[in-house]
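The values are calculated or read from the model by the stated rules, or taken from the named source; none is laboratory data. Being a predicted model, the structure only gives us computed values, none of them experimental. Note: ideal-geometry Cβ built from the backbone for every residue, glycine included; neighbour counts use all protein chains shown. To get the accessible areas, we keep the full protein, side chains included, count just its heavy atoms, and leave off ligands, DNA and RNA. Shrake-Rupley method; radii C 1.70, N 1.55, O 1.52, S 1.80 Å.
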Amino acid sequence: MKLIHTADWHLGKNIEGHSRLEEQERFLEDFIAICEREQADLVIISGDIYDSYNPPAIAEQLFYDTLKKISRDGECMTVVIAGNHDNPERLTAPGPLAKEHGIVMAGTPNYIVSPGEYGKNIITESGPGYFHAIIHGEETDCLLMPFPSEKRLNEVYLEETQEETQKALSYGEKIASLFSSLSTHYHPGSIHLAAGHLFVMNSLEDGSERSIQLGGSYMVSGSVFPEEADYIALGHIHKPQKVPGCSRARYSGSPLHFTIKETSFRKQVLAVSLSAGNPCEIREIPLPIYKPIEIWNCDSVIDALEKCEENKSRNCWVYLKIKTDHYIHEEDIRKMRTLKSDILSITPILPEDEENFSSEIDRKELPFDVLVKDFYQKKFQVDMSDETFSLLMEILKEDEL
């Protein structure tokens with residue numbers, strides 16, 4: 001079986017208020033070509049299809065058009081799970097219409113995929129969080145773990161009659177127990193897959209997906225995944241990587257550089273060759289950089305204007321940092337933006353700022369707890385106590401879907 005794994009498209013995402021849809025459309029064109037060239041039997045998209053619960057209509061249209069094209073008239077089955085940025089109900093609403101194109105959509109950990117024909121393939125058995133399919137004659141089992149917030153996880157995992165010791169299990173222990181239960185549905189002699197939108201401990205973060213981790217409670221160990229799985233397709237972290245503690249699990253990463261920090265690594269999708277009972281073979285298919293994100297360090301306003309003039313036709317996003325002994329005049333800012341329309345921000349660096357300068361870009365990459373405590377200290381001129389921070393996290397935790 002030929003599998004293509006991708007994740008974290010974040011369709012509709014902006015950068016400093018500028019649309020990325022043109023770049024995302026170019027990626028989707030390349031992705032369709034990759035799936036066609038590889039003659040994929042199965043595509044897994046591991047969450048964060050959109051960047052918000054209420055994506056723009058054009059983002060939804062791009063997504064549906066892409067799904068239809070990669071299906072190759074129902075030859076290829078596509079499995080889509082919701083990430084923390086997706087609205088589960090909205091994502092799965094077209095499910096009945098998508099079946100004829102071989103598209104499977106799951107919004108929550110307890111979602112039940114309907115058995116039946118999916119394009120030219122068939123799902124013969126299913127239940128909360130899993131299905132068994134025959135894809136081009138290959139028996140295939142797939143476990144589904146759309147983003148499991150505490151609330152969603154408790155809805156599927158806990159019952160009123162369960163013992164208090166079960167209810168007191170940590171987030172990671174609940175995930176491990178759920179995967180262990182789901183893995184009992186693996187059939188002997190079939191290809192065993194799992195798709196999840198999770199944050200595995202010790203994975204290399206990139207600063208883009210800064211969801212609230214609540215002291216680590218939303219992190220899981222690489223040991224939570226079933227040993228029987230032949231391949232585990234993960235989303236949530238934008239940096240492509242192998243998963244610590246589980247050699248069969250991979251993050252495909254996001255297709256675009258969404259922040260300046262992400263420009264330090266290449267983007268890709270993964271091609272996986274699978275057969276029951278044999279180790280899988282994984283190939284990394286690199287993606288082009290559709291529009292680079294750059295920082296231009298200029299020694300003066302004149303230097304900045306000259307650089308904008310020289311590079312006005314260059315297709316790139318720009319963070320402009322300008323050394324100056326005074327604040328930059330509005331007229332100069334207008335000239336720069338007229339010359340180079342893709343400037344994301346213009347930051348003056350005054351002499352007194354040079355040594356301790358901390359740009360807004362850098363601050364965006366700080367962990368959530370550091371940002372909260374720093375804001376509190378500046379606001380009230382005292383350090384936030386551990387008790388106050390814990391209380392704030394509990395309030396936010398209650399608001400999680």
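State whether one or more residues within region 258-269 are among the basic types (Lys, Arg) and out of contact with any strand residue (DSSP E or B) (no Cβ under 9 Å at 6 or more places or on another chain).
Just the residues of region 258-269 that are among the basic types (Lys, Arg), to begin with: 261, 266-267.
Now restrict to residues that are out of contact with any strand residue (DSSP E or B) (no Cβ under 9 Å at 6 or more places or on another chain): 261.
Yes, region 258-269 contains at least one residue that is among the basic types (Lys, Arg) and out of contact with any strand residue (DSSP E or B) (no Cβ under 9 Å at 6 or more places or on another chain).
One residue alone among Glu205, Glu163, Glu159 is acidic (Asp, Glu), open to solvent by 10 Å² or more (accessible area, probe 1.4 Å) and either at pLDDT 90 or above or closer than 26 Å to Thr6 by Cα (or both), and that residue is Glu205. The single residue among Ile70, Ile103, Ile58 that is modelled with pLDDT of 95 or more, in contact with a Cys (Cβ under 6 Å, 6 or more places away or on another chain) and among the hydrophobic types (A, V, I, L, M, F, W, C) turns out to be Ile70. A Cβ distance below 6 Å, combined with a sequence gap of six or more or placement on separate chains, defines the contacts here; from region 322-334, residues that are closer than 15 Å to Glu306 by Cβ and at pLDDT 95 or above reach no residue that is of a type in the set (Phe, Trp, Tyr) and assigned to a helix (DSSP H, G or I).
If you go through region 56-95 and pick out every residue that is open to solvent by 10 Å² or more (accessible area, probe 1.4 Å), over 20 Å from His5 (Cβ atoms) and not in a helix (DSSP H, G or I), you end up with 5.
The lone criterion from (1) of a type in the set (A, V, I, L, M, F, W, C); (2) assigned to a loop (DSSP other than H, G, I, E, B); (3) open to solvent by less than 30 Å² (accessible area, probe 1.4 Å) left unmet by Trp296 is number (2).
Tally the residues that are open to solvent by less than 30 Å² (accessible area, probe 1.4 Å) and either closer than 13 Å to Leu198 by Cβ or not small (Gly, Ala, Ser) (or both), restricting the search to region 231-258. Steps first, please.
Our first condition is that a residue be open to solvent by less than 30 Å² (accessible area, probe 1.4 Å); within region 231-258, this holds for 231-238, 240-241, 243, 246, 249-258.
Okay, now just the ones that are also either closer than 13 Å to Leu198 by Cβ or not small (Gly, Ala, Ser) (or both), so 231-238, 240-241, 243, 246, 249-251, 255-258.
Number of matching residues: 19.
Number of residues in region 112-122 that are surrounded by fewer than 20 Cβ atoms within 10 Å (Cβ to Cβ), in contact with a helix residue (DSSP H, G or I) (Cβ under 9 Å, 6 or more places away or on another chain) and of a type outside the set (Gly, Ala, Ser): the value is 1. For first residues located in region 283-309 and under 30 Å from Glu29 (Cα atoms) and among the basic types (Lys, Arg), partners that are assigned to a helix (DSSP H, G or I) and open to solvent by 70 Å² or more (accessible area, probe 1.4 Å) and lie 6+ apart or on another chain with Cβ distances below 8 Å form the pairs Lys291/Glu22.
Within region 248-290, the residues that satisfy the criterion of being under 18 Å from Lys13 (Cα atoms) and charged (D, E, K, R) are Lys261, Glu262, Lys267.
Can you say whether Ser275 is in contact with a Ser or Thr (Cβ under 7 Å, 6 or more places away or on another chain) and in contact (Cβ under 8 Å) with a residue 24 or more places away in the chain, as far as the supplied structure shows?
Numbers: in contact with a Ser or Thr (Cβ under 7 Å, 6 or more places away or on another chain): no; in contact (Cβ under 8 Å) with a residue 24 or more places away in the chain: yes.
So Ser275 does not fit the description; no.
With respect to the stated conditions, Gly107 fails to be open to solvent by 10 Å² or more (accessible area, probe 1.4 Å) and either closer than 23 Å to Leu143 by Cβ or without any contact (Cβ under 8 Å) to a residue 40 or more places away in the chain (or both).
Conditions tested, residue by residue: (1) among the acidic types (Asp, Glu); (2) outside any helix (DSSP H, G or I).
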site: Leu3; (1), (2): no, yes
site: Asp8; (1), (2): yes, yes
site: Glu22; (1), (2): yes, no
site: Leu28; (1), (2): no, no
site: Ile34; (1), (2): no, no
site: Arg37; (1), (2): no, no
site: Ala40; (1), (2): no, yes
site: Ile44; (1), (2): no, yes
site: Asp48; (1), (2): yes, yes
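Among the residues of region 305-351, how many are in a helix (DSSP H, G or I), within 35 Å of the chain's Cα centre (by Cα) and of a type in the set (A, V, I, L, M, F, W, C)? Quick ask: steps written out before the conclusion?
We begin by selecting, within region 305-351, every residue in a helix (DSSP H, G or I); these are 305-310, 330-339, 351.
Right, trim to within 35 Å of the chain's Cα centre (by Cα) and you get 307-308, 333, 336-339.
Subsequent filtering for residues that are of a type in the set (A, V, I, L, M, F, W, C) retains 308, 333, 336, 339.
Of the residues in region 305-351, 4 are in a helix (DSSP H, G or I), within 35 Å of the chain's Cα centre (by Cα) and of a type in the set (A, V, I, L, M, F, W, C).
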